[in-house]
Every structure is written in structure tokens, then in C-alpha cells.
Amino acid sequence: MKTLSLVGILTAALAVPSIAPAAPSVRGAITVPAEGVAQRLIAAIRGERLFAEKDFVQPLAAADKQVLRNFGACDVAYFGHPADAAMDNLSAKQLVSASEVTLDPNRVLVRFNCDGVSTETPVGLTLHLVDNRIAKVEAHNADLMKAR
């Protein structure tokens, strides 16, 4: 997967394969510390709280915070491990081979439902964690969000 650096720890993922949509408000199995980090980030994106500096390996730049807040216009459809999200709509045969996939406890996917964006190409963020702190954020299909 190619990534393009935007600002600070925020990156945009290019040529990301489509991930099957999950049911709204679905949370995949992730560790308790990772879940807390994801929940605090989602709340900050929605404007319900400030970004928690303790959740990041390095402080967020003001530009990073603004880019992340742009996702607040969308509803959170799912957060959890990327492999869990990909397995949501697999056939029984696909699930057998997918069950061999080892979940990476250091990656959390946050997928959004955005007005005007197909669920075939969902908008999302992948959080890369180091010691339960966000080291990098990858944005997926963010260019498909409507400009605010």
C-alpha cells in the first residue's frame, strides 16, 4: 500500500482495496486500551472533547487536528481491527481461509458513513499504535467526502 504524507502523523492511503461495509455501530474485537484510544479519537473528531495528547506518540499539529475534524461530518459505521471489518460479509468458504489471519493488535480501523459516498468505497482511518498510542493515522478515501 502506498501512502502519501499529508501533515505530521496523518497520511493518506492510495489504491486501497474496498472493504465490505459493516452494519452501523459495529465494533470489532480490539484490546481495551486500543478501544479507549479509538473512542477518545472518535469523540475528538466529532467535537465532543479535545484531542488527548496522551493518545499520540508525538503531539498533533493544528493542521492534523483540522484534517481529522473533517471526518466529524460523517457517522462512525465501525471501529475495530481491519481484518474483522473485512470478514463481515465473507462467504463461509472465505471465512475458513480468513480465520487463519492473525489480527494485529496495533492497528485499528475506523470506518465512516459519509453523505454521498458509496459503501463500496468507504471513508476510513487506520490507526497504527505503538504501546497503545497512535503513531500514524492513514486516511482512506477521504477525497470522496463532500467539502464542508
Apart from one, (1) loosely packed, with under 14 Cβ neighbours inside 10 Å; (2) under 17 Å from Pro105 (Cα atoms); (3) modelled with pLDDT of 95 or more all hold for Ala29; the odd one out is (3)
Would you call Ala34 surrounded by 15 or more Cβ atoms within 10 Å (Cβ to Cβ), modelled with pLDDT under 50 and in contact with a strand residue (DSSP E or B) (Cβ under 8 Å, 6 or more places away or on another chain)? no
Flagged pairs (Cβ under 9 angstrom, 6 or more apart or on separate chains; first in the range 101-119, closer than 14 Å to Val76 by Cβ; second of a type in the set (Asp, Glu) and modelled with pLDDT of 90 or more) are Phe112/Asp75; Asn113/Asp75; Cys114/Asp75
- request: Answer yes if at least one residue in the range 5-16 is modelled with pLDDT under 95, under 15 Å from Leu127 (Cα atoms) and assigned to a helix (DSSP H, G or I), and no otherwise.
  value: no
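The values are calculated or read from the model by the stated rules, or taken from the named source; none is laboratory data. Nothing here was measured: the structure is a model prediction, and the numbers come from that model. Reconstructed Cβ throughout: ideal geometry from the backbone, glycine too, with neighbour counts over all protein chains shown.
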